[in-house]
1. How much mean residue ellipticity at 222 nm does the chain get from its helices, if each DSSP H run of length 4 or more adds -39500 (n - 2.57) and you divide by all residues, to the nearest 500 deg cm²/dmol?
2. For the chain, find the longest principal axis of its Cα atoms and tell me its angle to the long axis of helix 272-297, 0 to 90°, nearest 10.
3. Take the Cα of residue 175, step 7 Å along the line toward its Cβ, and report every residue of the stretch 254-284 whose backbone nitrogen sits under 18 Å from that point.
4. Determine the gain in length on full extension of the stretch residue 81-residue 151; use 0.36 nm per residue of separation and subtract their C-alpha separation, reporting nm with one decimal.
5. Using heavy-atom solvent-accessible surface (probe 1.4 Å) with all chains present, what is the largest-first order of 115, 241?
6. Could you run the Karplus curve 6.51 cos²θ - 1.76 cosθ + 1.60 with θ = phi - 60° over the stretch 148-159 and give me ³J(HN,Hα) per residue in whole Hz, x for Gly and Pro?
7. Ignoring solvent entirely, what values of log10 I(q)/I(0) come out of the Debye formula for the stretch 196-316 at 0.17, 0.19, 0.20 Å⁻¹ when each Cα is a single scatterer?
8. Computed FRET efficiency, Cβ-Cβ of residue 241 and residue 203, R0 35 Å: what is it to the nearest 0.05?
Amino acid sequence: MSTFKNTTSSSVIFFLTGVPGLEAFHTWISIPFCFLYATALSGNSLVLFAIVTQPSLHEPMYYFLSMLSTTDLGLSVSTLVTMLGIFWFNAREISFNACLSQMFFIQLFTVMESSVLLAMAFDRFVAISNPLRYASILTDLKIAQIGVAVVTRGTLILTPMVVLLKSLSYCRSHVLHHSCCFHPDVMKLSCTDTRINSAVGLTALITTAGVDSIFIILSYLLIIKTVLSITSSEERKKAFSSCISHIGAVAVFYIPLISLSFVHRFGKGVPPYVHTLIADAYLLIPPVMNPIIYSVKTKQIRRAVLKVLRTTATKN
């Protein structure tokens, strides 16, 4: 498996890796991963169902939260099959086209999550700085347009990055170093020039998460400026408290992303399983934590979720 002839992309079979060095413990490792996936899928589905079915939550803030839950569900589903397949059945093979499809959807839902977090920052800014015009600015039509823009932006930015991989030849080891297909991981296995691919991948990262993070910071600087101009301490506290859940969601998205970036660039001496576990955490922490953060910190969501659970229990 270490040496391959020059092959075209259509005939390539890649081999995914579980947790390097801990293969003997894959069955045990699968237990916490199953728990995390179950938490992510059930938590986000419950939040999404509560928002759809409860009229009291048909407001801009909760529409954006439903978008966040949808992207988290998509991200979880995109990685679940290959990750648990490795842990349970040692199913490591994945065709090139399947790998590209998984890579595209992982990247797409990641970019969408970053975009939705930016939209939610704008939502908080409008709600705090211009509360009287909040509903007229963020109309249902405007929110729908933002949703379409989020999907369109991700698709247009990521499609060239994925398509360019099909033009490469792969003549080295076909072993990928993660449980899922990542762009840098696949690109490194090519025996042809990948400078264009690297440039396109870096551009995609900068124009999505990079730009979004800057605008999120700017939004909060404006929010802080607005809140500090409020004379009532109770009103200031109320305004800040409405942002806590969103700040938590931003933290659980960007901290694993930054950690993964640092480990890839500066963790050359770190054991391989650390790279893999951080990459898995980057994919799983936001879907797991976001519904918990919003259920704990947002009273309306907590009440709606409990109401749905009570209704379900009563019917059963």
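The values are calculated or read from the model by the stated rules, or taken from the named source; none is laboratory data. Quick caveat, the model's predicted, so the values are computed rather than measured. Neighbour counts run over all protein chains shown; Cβ positions are idealised from the backbone, glycine included. The accessibility values were calculated without ligands, DNA or RNA, using every heavy atom of the protein model including side chains. Shrake-Rupley method; radii C 1.70, N 1.55, O 1.52, S 1.80 Å.
1. Details: 12 runs with 231 residues, N = 316.
One gets -25000 deg cm²/dmol as the mean residue ellipticity at 222 nm.
2. Between helix and principal axis, roughly 20 degrees.
3. Flagged as within label range: 269-277.
4. Full extension from residue 81 to residue 151 adds 22.9 nm.
5. So, going from the largest accessible area down, we get 241, 115.
6. 5, 5, 4, 5, 5, 4, x, 5, 5, 6, 8, 4
7. So the normalised log intensities work out to -1.02, -1.11, -1.16.
8. Details: r = 38 Å, r/R0 = 1.08.
In this case the efficiency is close to 0.40.
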